[in-house]
Amino acid sequence: MAIGCESCATPMRLLLTAGSDEMDAASHSWVPLEDRDPPLRGRVSIRGGPAVAHPTRLRFGRDRDLHVFTCPADPGHPPQRVLS
């Protein structure tokens, strides 16, 4: 993803990516061991149910990822935010 600075047109650098989901409750991808309940399967296999996958309750757009870019030429230039 190429983003240009609005002030100077320099290609911006990715500073931060924040996702709407902390983990994939359906596949157990990135689920901490202490949150798993191995005898169960699927979404219910996570202790506390599907809501555990959204502990921060952050949502960007319609469950998108938020990307924040900064200008390497001048940190005083405004950052760019992109949802994808």
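Just a few scattered comments:
- Selection of first residues in the stretch 61-75 that are surrounded by fewer than 12 Cβ atoms within 10 Å (Cβ to Cβ) and of second residues that are aliphatic (A, V, I, L, M), restricted to Cβ pairs under 8 Å at least 6 apart or on distinct chains, gives the following pairs, ordered by first then second residue: Gly61/Leu83.
- Qualifying positions in the stretch 59-84 - assigned to a strand (DSSP E or B) and more than 12 Å from Leu15 (Cα to Cα): Phe60, Arg64, Leu83
Any read-out appearing in this document is the output of simple, stated calculations on the displayed coordinates, not a laboratory observation. Note that the structure is predicted; figures quoted are calculated from it, not measured. All Cβ positions, glycine included, derive from the backbone under ideal geometry; neighbour counts span all protein chains shown.
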